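Structure, as structure tokens:
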Amino acid sequence: DQGAPQAQTEVQKRTMERTFLLLAAFIFSSGQCQDTDPSRDPDASLAVCKPDICSLFRDLGVYSAQTLELQSATNAAVLQLEVGDNVYTKLYAYRELYDDVMFYNTFSGFLPNGGPEENHGAHVPPLGGLHLLQRPILELQRLIQEQAQQLMALKESTLAAVPRMAFTAALGHSLGPVHIDLTVKYPLIISNIGNGYNPATGIFTARVSGMYYFRYTMFNNLGSRSNSVMSLMKNSQRMVSTWDTSGSDDNDTATNAAVLQLEEGDNVYTRLYANRQIYDDGANYNTFSGFLLFPL
């Protein structure tokens, strides 16, 4: 790695195995490196945990154990959170990460469409003063309170008019090799605000025209040779792809994403190509996420 020449010797002795990226959007990435014992233990990973989500889906993570140097892996999820909910990353026992001033390991999150803010209405405390000023002051207080109520009503109507659409779904089981190009159906719903994603078909359908963000993560098979090729599709058009079919290593993760302009009724989904396969289990390595950035 040209960005970290002084770390090569140390990097060649290490292995980083699983990383997790969460979109609540929470984003996490990790640098990974070589070891002589590439464990495949599914119970040892780096994952992001929201307690109720973890209890339902175990860990949503990514896994990488191979003989290449300087490996990185990411994953993502859109989560519905209540006030006070906590989201964090977890590094499991006997695992390690490598980092230096290049900042390979990151954790990010944001609120996609903004959110409601507490507003208890304008309050003007009683003002003392001369008897002759009391009536004008009270009238001014009344006008300010009326304007505050009107602004609150306008804000609520505006928020109600803005659609909320966001989802994350996970595969949870291995798929393939498939005989034909196949739309991947992610049955495990982590979030689905607006019900735009259909787990029965694996397709997200835009309910409103706008700019959307989509992301998927692919985890290759555990065979003797990697054999995974996938694409993000808009209607029948390929947008972006991930490819891992060469090399003798296994357990690779790949991610791609796109910001797409959609019209109402447009469909977005992922495609696994003929004779290809992906691996998954209860750790949910393969995920599909998206949300509305803003309507048009």
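Every number here is computed from the coordinates shown, using simple stated rules; none is lab data. In this text, all values refer to a predicted model and were calculated from it rather than measured experimentally. So basically every Cβ, Gly included, is an ideal-geometry build from the backbone, and we count neighbours across all protein chains shown.
Rounded, prolate or oblate: pick one for segment 225-291, where a ≥ b ≥ c are the square roots of the eigenvalues of its C-alpha gyration tensor, a/c under 1.5 means rounded, and failing that, prolate if a/b is larger than b/c, else oblate.
Prolate, since a/c reaches 1.5 and a/b exceeds b/c.
FRET efficiency for the pair residue 100 and residue 80, taken as 1/(1 + (r/R0)^6) with r the Cβ-Cβ distance and R0 = 25 Å, rounds to 0.10.
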